[in-house]
1. Rank these residues by their accessible area, most exposed first, probe 1.4 Å: R87, R66.
2. Choose one answer from R91, R128, R58: the residue with the largest mean-square fluctuation in a GNM of the chain with alpha-carbon springs under 10 Å.
3. Among A77, T22, I98, pick out the residue whose Cα is farthest towards the positive end of the charge dipole of the chain, where Lys and Arg carry +1 and Asp and Glu carry -1 on C-beta, about the Cα centre.
4. Show which lysines lie in cross-link reach of K56 when reach means a straight Cα distance below 21 angstrom and same-chain residues fewer than eight apart are skipped.
5. With percent of Cα pairs over 27 Å apart defined as stated, name the option among (i) 25; (ii) 49; (iii) 29 computed from the structure displayed.
6. Got a sec? What order do I103, I10 fall in by accessible area at 1.4 Å, biggest, i.e. largest, first?
7. Below 8 Å, C-alpha to C-alpha, sequence gap of six or more: please give me the relative contact order for the chain in percent.
8. Can you send over the carbon and sulfur percentage of the accessible area for segment 82-141, probe radius 1.4 Å, protein chains only?
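The values are calculated or read from the model by the stated rules, or taken from the named source; none is laboratory data. Predicted model only: the values in this text are computed from it and were never measured. Quick reminder, even Gly has a Cβ in these numbers, built from the backbone with ideal geometry, and neighbours come from all protein chains shown. Each accessible area value is taken on the protein alone, full model and side chains, heavy atoms only, with ligands, DNA and RNA left out. Shrake-Rupley method; radii C 1.70, N 1.55, O 1.52, S 1.80 Å.
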Amino acid sequence: MALIPVTRAIAIDEREVVESFTRASGPGGQHVNTTDSAVLLRFDVAGSPNLPEMVKDRLAVLAGSRLTRDGVLTLRADASRSQEMNRREVRERLVELIREATIVPKKRRPTKPTRASQTRRVDAKKGRSAVKAGRGKVRFD
């Protein structure tokens with residue numbers, strides 16, 4: 001059983017990651033028509049026993065459209081002509097995405113502006129209003 005380390009506390013089993021190989025699109029000449037170098041990685045986030053529920057929830061938000069309705073994360077790598085380099089890249093992206101999901105966002109504490117800052121704001125608005133009111137046609141009454 002091989003484990004893919006994510007953090008000190010989290011590691012995912014390699015058997016949870018399913019890789020399939022297809023032909024990469026784009027330029028590459030005759031070589032691209034004969035090799036399956038693009039890698040499509042599928043990872044069942046919802047069914048993974050190695051991820052805590054909070055991490056799964058944050059990962060679902062971070063993954064966005066890359067997550068299917070069934071809770072399966074799909075990543076594709078086809079930048080390199082080498083299948084091995086594409087495999088390495090897509091696994092690194094998976095690990096980085098899970099690492100990012102382990103970070104707990106700080107809770108925002110709402111604050112109120114001070115009375116002095118409110119006064120400064122209103123004074124600045126009044127000053128600006130006076131400047132703009134002074135513009136326009138000059139009348140001789």
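1. On the way: R87 65, R66 90 Å².
Correct descending sequence by accessible area is R66, R87.
2. Largest GNM mean-square fluctuation: R128.
3. I98
4. K56 reaches K106, K107.
5. Evaluating percent of Cα pairs over 27 Å apart on these atoms matches (ii).
6. Working: I103 110, I10 15 Å².
Listed by decreasing accessible area, they come as I103, I10.
7. On the way: 155 pairs, mean separation 28.3, N = 141.
So the answer I get is 20 percent.
8. Summing carbon and sulfur atoms, their accessible area is 53 percent of the total for segment 82-141.
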